[in-house]
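A quick write-up on the structure given underneath.
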Amino acid sequence: MKPLRILTLVVTNPAQPAALILEPVEESPDGIARVLPIWIGPNEAAHLGMAMEGLRAKRPLTHDLFLDAITNLDARIDHVLINRVEGHVFYSKLVLKQGDRLVELDARPTDSIALAIRQGAPLFADEETLRAASYPYVIKRAKSGEAELEEFRTFLDGISPEDFN
């Protein structure tokens, strides 16, 4: 299991799917990391966006109701595990902790993640799902001030008036 964090939620318009972009928490020493995009519908994006912003509706929504039920049963969300992908469909387990007992529930990742965000529970993906559904991306590291100054000095040393003709 690899810990994940939410990188961003990309929402364009209600007629197009949104994308929840997750990334492994691990640092990438070579500047190449992975992202795990999950395509979601507009309703799911709205619920995730509300959870990410810490917003609550005047009346309890389904996620709020479910969390109230879990809490009243002396349980809490332990973690979410994104454990499978088939094509573009992701599967997850919502793991609840009640005393010493762990209870695994099959759930859509969007529901699991929306609930986990509300309780501050960690997100994980198994290695096979990450291998099958993640994409590499390059991280540009910020240069130190001294390195940037040295690069600029080198540029200035190599410039001549003919370069401006």
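Read-outs: derived from the displayed coordinates by stated rules, not from any lab. Please read these numbers as outputs of a predicted model, since none were measured by experiment. FYI the Cβ positions are ideal-geometry reconstructions off the backbone, even for glycines, and counts take in every protein chain you see.
FRET efficiency for V89 and T154, Cβ-Cβ distance as r, R0 = 45 Å, nearest 0.05? Intermediate values should be presented prior to the final figure.
Values: r = 51 Å, r/R0 = 1.14.
Here the calculated transfer efficiency is 0.30.
Calculate, in nm to one decimal, what R56 and Q119 gain on full extension: separation in residues at 0.36 nm each, minus their alpha carbon distance. Spell out each step's value before the answer.
Details: separation 63, 0.36 × 63 = 22.68 nm, distance 1.32 nm.
21.4 nm is the gain from fully extending R56 to Q119.
Counting other C-beta atoms within 10 Å, which of F90, F66 has the fewest, and how do the rest follow? The partial results should precede the final answer.
Details: F90 24, F66 18.
If I rank by nearby Cβ atoms, fewest first, I get F66, F90.
In whole Hz and in residue order, list the ³J(HN,Hα) couplings for the range 151-156 that follow from phi through the Karplus curve 6.51 cos²θ - 1.76 cosθ + 1.60, θ = phi - 60°; x for Gly and Pro.
Result, ordered by residue: 4, 5, 4, 4, 4, 5 Hz.
Give the separation of the Cα centroids, the range 115-137 to the range 44-67, in Å.
After rounding, the separation between the Cα centres reads 20 Å.
When we measure straight from the Cα of K97, which aspartates and glutamates land under 12 angstrom away, once same-chain ones fewer than 8 places off are left out?
D74, D78
For L102, put the label point 7 Å out on the Cα→Cβ axis and report which residues of the range 72-90 keep their amide N under 16 Å from it.
76-84
In square nanometres and to one decimal, what's the mean projected area of the convex hull around the Cα atoms of the range 9-83? Can you show the working numbers first?
On the way: hull surface 29.1 nm².
So the Cα hull casts an average projection of 7.3 nm².
For L65 and D163, calculate 0.36 nm times their separation in residues minus their Cα-Cα distance, and state this gained length in nm to one decimal. If you can, show how the numbers build up before the last one.
Values: separation 98, 0.36 × 98 = 35.28 nm, distance 6.80 nm.
Here the segment from L65 to D163 would lengthen by 28.5 nm.
If you bin the C-alpha pair distances of the chain every 5 Å from 0, what whole percents do you get?
Distribution as computed: 1, 8, 14, 17, 15, 12, 8, 5, 5, 4, 4, 3, 2, 1, 1, 0 percent.
In a GNM of the chain with a 10 Å cut-off on Cα contacts, which of A147, A107, A75 has the highest mean-square fluctuation?
A147
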